[in-house]
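K.L.:
Sending over a structure as structure tokens; questions will come in a sec.
Rule-based calculations on the coordinates, nothing more; no lab input. In this text, all values refer to a predicted model and were calculated from it rather than measured experimentally. Here Cβ is always computed from backbone atoms with ideal geometry, including for glycine, and neighbour counts include all displayed protein chains.
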Amino acid sequence: MSEQPSGPGTVDPPVRRRGLMLVLSSPSGAGKTTISRRLLDRDRAITLSISATTRPPRPGEVDGVDYRFVSEDEFRRMVKGGDFLEHARVFGHRYGTPREAVEAELAAGRDVLFDIDWQGTQQLAEKARADLVSVFILPPSRAELERRLFARAQDPAEVVARRMAKASDEMSHYPEYDYIIVNSDLEESVAQVLAILTAERLRRTRRIGLGEFVAGMRGA
Ligand code: 5GP
């Protein structure tokens, strides 16, 4: 274990802890990306896992910041090389979580945020259930979901229609998640994710050297 980060997001610095994997999933249009951004702004102990994808960049998206944009060939090579912690096909494109960066963060006692779908979440649960905290974000209503999907003018109409059908599929997976947030109010939702993160960081099972810490105080 190396140095723990300090500042907001750390808990009881004398006791070290394992980093956790916080997954946020939602149908597209539920507000997950905005919630993730605000969370990353407010909590310096969590970093975003940057996925690789074969999907072309949308206007404004930056390679290495939003995604690592790769070719089908490169993606296949990464799969073969065992470079992914999980990978899945979503909306006809391939997405995967590069293993190395995540493992380095966790080993350093830092937390990692994942914006991945239910397939990826299932794969992480199979590999590292103890380190995983999963949150599913629901839109407040179908009308609001439709409004948000259509407001995203960057995508062609047939993509939007496909996303509405996919949103319905994606939402059927909510029972597989540890926590559910209904995103009616953005600030409230961010506060709820922060509350989950704070509580999960305090879990006894994630805290390393607790025995030593208490023994020191007991003079044992
Ligand atoms: P978008 O193309 O709109 O950025 O993302 C489409 C969907 O793919 C979202 O539900 C997002 O959470 C999911 N996704 C993004 N990266 C990954 C990944 O690395 N693995 C998996 N399984 N899903 C991902």
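K.L.:
Please list the non-local residues whose amide H lies under 5 Å from the amide H of Thr47, H modeled 1.01 Å from N, same-chain partners needing a gap of 5 or more.
P.N.:
Amide H to amide H, under 5 Å and 5 or more residues apart or across chains, Thr47 pairs with Asp111, Val112, Leu113.
K.L.:
Using the count of nearby Cβ atoms within 10 Å as a rough guide to exposure, how do Leu22, Leu194 rank from fewest to most?
P.N.:
On the way: Leu22 26, Leu194 17.
The order, fewest Cβ neighbours first, is Leu194, Leu22.
K.L.:
What are the lysines whose alpha-carbon lies under 20 Å from the alpha-carbon of Lys166, with same-chain residues fewer than 8 places away excluded?
P.N.:
Leaving aside lysines fewer than 8 places away in the same chain, those within reach of Lys166 are Lys32.
K.L.:
Cα-Cα pairs above 21 Å in the chain: how many percent? Before the final figure, lay out each step's value.
P.N.:
Numbers: 13943 of 24090 pairs.
Everything past 21 Å amounts to 58 percent.
K.L.:
Further, regarding this structure: How would you rank 87-96, 117-126, highest first, on the average number of other Cβ atoms within 10 Å across their residues? Display every interim value, and only then the final one.
P.N.:
Details: 87-96: 17.2, 117-126: 18.9.
Descending mean neighbour count gives 117-126, 87-96.
K.L.:
I need the peptides 29-36, 181-188 ranked by packing, meaning the mean over residues of other C-beta atoms within 10 angstrom, with the highest value on top.
P.N.:
Details: 29-36: 20.1, 181-188: 14.4.
Ranked by mean Cβ neighbours within 10 Å, highest first: 29-36, 181-188.
K.L.:
Sequence-distant or interchain residues sharing an amide H contact under 5 Å with Leu138, placed H: which?
P.N.:
Ile181, Val182, Asn183
K.L.:
Roughly how many nanometres apart are two label points built 7 Å out from the Cα toward the Cβ at Leu186 and Arg129?
P.N.:
Computed distance between label sites Leu186 and Arg129 equals 3.7 nm.
K.L.:
Can you compute 3J(HN,Hα) from phi for each residue in the stretch 48-63, using the Karplus curve 6.51 cos²θ - 1.76 cosθ + 1.60 with θ = phi - 60°, rounded to whole Hz and x for Gly and Pro?
P.N.:
Coupling constants for the stretch 48-63: 7, 7, 8, 7, 9, 8, 8, 6, x, x, 7, x, x, 6, 10, 5 Hz.
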